[in-house]
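Read the figures in this text as sums done on the coordinates, not as results from a lab. These numbers were taken from a predicted model, which means no experiment stands behind them. With ideal geometry, Cβ positions are generated from the backbone for all residues, glycine too; neighbour counts draw on all protein chains shown.
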Amino acid sequence: MNKHILEKVQIVSGIIPVDTQSGANNGDWVSLKNFQRCAIVVFKAAGTAGDDPVITVKQAQDVGGTNAKALNFTRVDAKVGVQTGIGQFTTVMQAAGNTYTDAVSAEAQGLFVIDIQADELDVDNGFDCVQVSIPDTGSAGAQIGCALYLLHDPRYAASPLPSAIVD
């Protein structure tokens with residue numbers, strides 16, 4: 001139990017800080033071959049009302065994005081508002097889908113977590129990689145955002161933990 005965080009969690013950049021109105025904002029692909037879970041963490045600054053980010057998750061057969069398709073999820077944990085004043089996440093349950101939009105988050109700061117289990121992927125057909133993307137939020141005003149992958153519950157003890165950006 002007394003392990004350094006990097007002996008339990010592999011942290012990978014998904015989307016570097018970017019103005020989310022600047023284009024497709026496709027994150028890097030990460031492999032869950034060596035991990036049982038991946039928490040996708042999206043962090044954003046306040047922007048302009050109506051430019052709500054749409055968080056999209058896909059799965060693929062390799063880190064090159066081969067045969068990419070939707071990866072449905074039902075749970076999102078969120079903190080929307082001034083982050084220094086929000087102590088707890090709010091759990092949002094939605095119908096299964098591969099996107100999430102918080103309709104009031106454009107004009108507020110936001111922290112969103114989508115925790116994916118490796119067995120939720122289409123493992124029977126060789127899918128073991130995930131990607132987050134935040135399509136262009138619109139042109140009303142700047143909205144800085146980024147994403148991290150926190151791969152956790154490693155399948156095998158190792159120090160350092162194996163890379164998640166290679167197959």
Point to revise | Square roots of 5 times each gyration tensor eigenvalue, C-alpha, the stretch 78-167, largest first, Å | key: 29, 17, 15
**Study point:** Residue (of 49, 23, 66) at the positive-pole extreme of the stretch 17-68, dipole from beta-carbon charges
**Key:** 66
Check your understanding: Over the stretch 10-154, what is the relative contact order in whole percent, taking alpha-carbon pairs under 8 Å and six or more residues apart?
Key -> 49
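Counting Lys and Arg as +1 and Asp and Glu as -1, what is the net charge of the other residues whose Cβ lies under 11 Å from the Cβ of residue 164?
-2
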Revision key, fill the gap. Checking rank on 47-60, 100-113, with mean other Cβ inside 10 Å and highest first, the result is 47-60, 100-113
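By per-residue mean of other Cβ atoms within 10 Å, what is the highest-first order of 84-97, 19-32?
Descending mean neighbour count gives 19-32, 84-97.
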Review point. Which of the following values of volume of the Cα convex hull per residue in Å³ was calculated from the structure shown: (1) 135; (2) 119; (3) 213?
Key: (2)
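How large is the dipole of the stretch 1-107 about the Cα centre if only Lys and Arg carry +1 and Asp and Glu carry -1, each at its Cβ, rounded to the nearest 20 debye? Intermediate results must be reported in sequence, preceding the final value.
Details: 9 positive and 9 negative charges, 103 e Å.
Using only the charged Cβ atoms, the result is roughly 500 debye.
For the stretch 46-117, report the convex hull volume of the alpha-carbon atoms normalised per residue, in Å³, without decimals.
112
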Point to revise | Cα-based shape type of the stretch 1-90, given that a ≥ b ≥ c are square roots of the gyration tensor eigenvalues and the cut on a/c is 1.5 | key: oblate
Point to revise | Count of lysine pairs in the chain with Cα separation under 28 Å (8 or more residues apart, or interchain) | key: 14
